[in-house]
Amino acid sequence: MGFPMARRLCEAGHAVHVWNRTRVKADPLSAQGAQVYATAAEAAAQADTVICMLDNGEVVGRVLFELGVAAALRPGATVIDMSSIKPEQARDHAARLSEIGITHLDAPVSGGTLGAESGTLAIMVGGKTADFERVRPLFSVFGRATHVGPHGCGQLAKLANQMIVGITIGAVAEALLLCRKGGASMAKVKEAITGGFADSRILQVHGQRMVEHNFNAHARLSIQLKDLDNALATAEEIGFEAPITSLLESLYAQAADHGLTDLDHSALFLELASRNGIG
């Protein structure tokens, strides 16, 4: 995700300073005009706005506060965290940065690598309205941004997104497998229900992957599981019961236990197929 987003910033004419834990992954951006640095702090010291796209909240906290990014930032700089993390972590990061005069927005995205490449990401933003409006033109490089509330609410919206995605993948997989077990063509069933109330982007994109048995990772199953775990942790924090998400989390966890971690999240299909003796 980070690479195509950084490339779009370069193409839009921004001065881009980049760091990646594995430098070889960032080096190709040099040809796009970006400056690649050996440390995160060196990259951040050059910027008015720092964008993070990292695996989880613990890693975000480590990069910001242990690898020297926060300390290297200029007063008045803005951190836009586009990673998918827990809302409580986003609120904590915002508070700690505010103490040293740094603005924070949590702005996770949906749309996958294809959306990052085409600039059509859905961006869910938490933080102060004035801060959001100030950086809105930057968000337009990546896609469509919506301010959804104070700090942490961008992450809350992303959890809602991932709940819907994860649950719907399960529904599509189970429905198509039912048809296959009963003797129908999954491809023809998908075609038949297209345009009806059951149609969705999940049916069209992930359903097609199931039909083709193509589970090369666009968004890894491990990331889907992480997001559902975060959703359940947040639900517990605020006293909300989420039985449907809990059921799907257990299915994704079992899929991960059975070696599907690094496949696309639509590979939940394989877990459900195995349960039903479908090869």
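Results, tabulated for the structure shown:
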{"item": "Complete set of residues in the range 173-208 that are of a type in the set (Ser, Thr, Tyr) and in contact (Cβ under 8 Å) with a residue 24 or more places away in the chain", "result": "SER200"}
{"item": "Test: residue in the range 176-187 that is under 24 Å from the mean Cα position of the chain (by Cα) and farther than 20 Å from SER274 by Cβ", "result": "no"}
{"item": "Verdict on GLY170 being in contact (Cβ under 8 Å) with a residue 40 or more places away in the chain and either under 30 Å from GLY152 (Cβ atoms) or not assigned by TED's automatic domain parsing to the domain that holds LYS86 (or both)", "result": "yes"}
{"item": "Residue within the range 110-119 that is modelled with pLDDT of 95 or more and in contact with a Ser or Thr (Cβ under 7 Å, 6 or more places away or on another chain) present", "result": "no"}
{"item": "Qualifying position, being in contact with a Leu (Cβ under 9 Å, 6 or more places away or on another chain), of a type in the set (Gly, Ala, Ser) and closer than 18 Å to ALA198 by Cα, among GLY149, GLY166, GLY112", "result": "GLY166"}
{"item": "Pair list, Cβ < 9 Å and 6+ apart or interchain, from the range 100-114 residues that are at positive phi and in contact (Cβ under 8 Å) with a residue 24 or more places away in the chain to residues that are part of a strand (DSSP E or B) and crowded, with 20+ Cβ neighbours inside 10 Å", "result": "GLY111/LEU121; GLY111/ILE123; GLY112/LEU121"}
{"item": "Residue within the range 41-52 that is under 27 Å from ALA231 (Cβ atoms), surrounded by 14 or more Cβ atoms within 10 Å (Cβ to Cβ), of a type in the set (A, V, I, L, M) and outside the structural domain of ASN161 (by TED's automatic domain parsing) present", "result": "yes"}
{"item": "Residue that is loosely packed, with under 13 Cβ neighbours inside 10 Å and at pLDDT 95 or above, where the choices are GLY259, GLY170, GLY166, GLY207", "result": "GLY259"}
{"item": "Those helices (runs of 4 or more DSSP H) lying entirely in the range 118-200 with at least 2 residues closer than 30 Å to HIS93 by Cβ and out of contact with any helix residue (DSSP H, G or I) (no Cβ under 8 Å at 6 or more places or on another chain)", "result": "129-139, 153-181"}
{"item": "Matching residues, the range 255-270, being more than 15 Å from ILE164 (Cα to Cα), in contact with a Leu (Cβ under 9 Å, 6 or more places away or on another chain) and either β-branched (Val, Ile, Thr) or assigned to a helix (DSSP H, G or I) (or both)", "result": "ALA255, ALA256, HIS258, LEU260, THR261, ALA267, PHE269, LEU270"}
{"item": "Per-region count, the range 93-123, residues of a type in the set (Ser, Thr, Tyr) and closer than 21 Å to GLY68 by Cα", "result": "2"}
{"item": "Boolean, HIS147 is touching a strand residue (DSSP E or B) at 6+ places or on another chain (Cβ under 6 Å) and free of Cβ contacts under 8 Å to residues at least 24 places away in the same chain", "result": "yes"}
{"item": "Test: ALA235 is hydrophobic (A, V, I, L, M, F, W, C) and surrounded by 18 or more Cβ atoms within 10 Å (Cβ to Cβ)", "result": "no"}
{"item": "All positions within the range 62-111 that are part of a strand (DSSP E or B) and of a type outside the set (A, V, I, L, M)", "result": "THR78, ASP81, THR103, HIS104, ASP106, SER110"}
{"item": "Residue list for the range 10-32, restricted to those being in a loop (DSSP other than H, G, I, E, B) and closer than 15 Å to ALA44 by Cα", "result": "HIS14, ALA15, VAL16, TRP19, ASN20, ARG21"}
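The values are calculated or read from the model by the stated rules, or taken from the named source; none is laboratory data. Bear in mind the structure is a predicted one, so any value in this text is a computation, not a measurement. Every residue, glycine among them, receives a Cβ derived from its backbone with ideal geometry; neighbour counts consider all protein chains shown.
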